[in-house]
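The values are calculated or read from the model by the stated rules, or taken from the named source; none is laboratory data. Here the structure is a predicted model, which means the values were calculated and not measured. Cβ sites come from the backbone with ideal geometry, for glycine too, and all protein chains shown count toward neighbours.
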Amino acid sequence: MAFRVKPDFSAVWASLGDNTKPVDSYITNGWESVKPPRQYFNWIDNRQDSAIAYLYQSGIPEWDALTDYEGGAGVNSYTQGSDGKVYRCLADNGPNVVSIGAKDPTNPLNSAFWTVAFVEKSAVDSLASTVATHTTQIGNGSGVTDPAAWRTALSVPSTSEAVVEASFTGANQSLGTDGFQKLPGGLIIQWGKVTRTLGAFSGPVNFPIPFPNSCFSVTNGNSMYSGPNSLVTRTRAISATQFAIEEDSYGANGHGNTASMDWIAIGY
């Protein structure tokens, strides 16, 4: 079927002519044995044209207390409230609905009968803007009003926590057998294990990294050899880059054996 052309209602029937409203009994019963005057027909046609022109103009009619509205599964009346919003009927109401009566949709007490049908575009735009802002905040944390709560929820450390963590990791440490740990205040701890042939010490022991300023001390964790005749080792000639080992032997029982010594150095 071809789409119908919208009629032109710029001119409403009998809007300038003489028309007379029939009595209500004529309206409810229709024409029976009475020959109606032309003014009645003008009034009827005028009301019909006016109603159609009104619907063209308003789109959705305003709420009034004379109309019965239906609401329920699959059946919903729509109307404009005095606040300019469009409402959808949730439950039957109106002057002819027994024990209910007319329910103005703009009255908050009538929420069981009416609900706002459409969201205002400005509200949608505002929501979209808020979502966009929150998306950015979730993505990079910018503009978060409660950074502490945000970090806690995402298990993200604060800037100061991250700085402290970074100061103890990465290039600030080496956790091998020979290694070091730089502390935020400038103190450096280094450690290692040296293996030598007893009685034939040669060459210095180099630190894993040079101390920028100086080494305070180097402590050996154990003697390199212990037997019936003890042999004791000591550190000496300490510099910012290395130290030497001195052997103090009380007998030659350990000479020629290969043994290890743990050491730890502190400096800055």
inquiry  = Looking only at the range 87-120, how many residues end up being among the small types (Gly, Ala, Ser) and closer than 10 Å to GLY71 by Cβ?
reply    = 2
request  = Tally the residues that are part of a helix (DSSP H, G or I), of a type outside the set (A, V, I, L, M, F, W, C) and modelled with pLDDT of 75 or more, restricting the search to the range 152-169.
outcome  = 3
ask   = Taking the range 170-201, which residues are part of a loop (DSSP other than H, G, I, E, B) and farther than 14 Å from SER260 by Cα?
value = LEU175, GLY176, LEU183, PRO184, GLY185, GLY186, LEU187
task = Check the range 56-76 and report whether any residue there is loosely packed, with under 10 Cβ neighbours inside 10 Å and touching a residue at least 24 places away in the same chain (Cβ under 8 Å).
result = yes
query = Can you pull out the residues in the range 111-137 that are aliphatic (A, V, I, L, M) and exposed (fewer than 12 other Cβ atoms within 10 Å of the Cβ)?
reply = ALA112, VAL119, ALA123, VAL124, LEU127, ALA128, VAL131, ALA132
task = Residues being assigned to a loop (DSSP other than H, G, I, E, B) and either hydrophobic (A, V, I, L, M, F, W, C) or surrounded by 12 or more Cβ atoms within 10 Å (Cβ to Cβ) (or both): count how many of those fall in the range 1-47.
result = 21
query = In the range 253-262, is there at least one residue being within 49 Å of the chain's Cα centre (by Cα), loosely packed, with under 15 Cβ neighbours inside 10 Å and either within 30 Å of GLY141 (Cα to Cα) or modelled with pLDDT under 70 (or both)?
reply = no
query = Inside the range 17-38, can you point out the residues that are at pLDDT below 90 and polar (S, T, N, Q)?
reply = SER33
